[in-house]
Amino acid sequence: MSRKTKFSKIAKERINYLFELAQKDPEVANSAVRLARKISLKYNVPFSKDKKLFFCKKCGIYLIPGKNSQFRINRGSVVVSCECGGLARFKFK
Ligand SMILES: [Zn+2]
């Protein structure tokens with residue numbers, strides 16, 4: 001295993017862990033996803049689709065539907081709007 005794949009494997013595990021933490025504990029959710037974002041950028045590990053849905057690219061907070069964000073379905077895509085005004089669109093099959 002090369003150095004790079006080894007690091008990206010660890011990075012993926014840490015990102016998964018941080019998102020789990022964010023789901024369980026709303027108090028640390030925002031700092032957890034910010035850290036996850038940093039790791040993802042540093043090690044060039046993209047967030048998976050299910051993670052992107054719950055993360056605001058604009059202000060970097062963890063999105064909780066009905067609390068700080070709205071999830072709507074519009075013409076075959078999910079539109080996620082954050083309280084900061086950030087919008088994200090996801091196509092689904
Ligand atoms: Zn936002």
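Read-outs throughout are calculated quantities, based only on the coordinates presented, and are distinct from any laboratory measurement. Nothing here was measured: the structure is a model prediction, and the numbers come from that model. Please note: Cβ atoms are built from the backbone with ideal geometry, for glycine as well, and neighbour counts cover all protein chains shown.
Kirkwood-type hydrodynamic radius, the chain: 13.8 Å, calculated from all non-identical alpha-carbon pairs. Residues whose amide H falls under 5 Å from that of residue 55, counting only those 5 or more places apart or on a different chain, are 63, with hydrogens built in the peptide plane. Listed by Cβ neighbour count within 10 Å, with the fewest neighbours leading, 15, 73 appear as 73, 15. 3J(HN,Hα) couplings calculated from phi for segment 26-41 with the Karplus curve 6.51 cos²θ - 1.76 cosθ + 1.60 (θ = phi - 60°) are, in sequence order, x, 5, 9, 3, 5, 6, 5, 6, 5, 5, 4, 5, 4, 4, 4, 6 Hz; Gly and Pro show x. Can you give me the angle between helix 3-24 and the longest principal axis of the chain, using Cα atoms only, in degrees from 0 to 90, rounded to the nearest 10? So the helix axis and the longest Cα principal axis differ by about 40 degrees. Distance between the pseudo-spin-label points of residue 14 and residue 59 (7 Å out from Cα toward the beta carbon): 2.7 nm.
I'd like the FRET efficiency for residue 3 and residue 72, computed as 1/(1 + (r/R0)^6) with the beta carbon distance as r and R0 of 41 Å, rounded to 0.05. Result of the calculation: an efficiency of 0.45.
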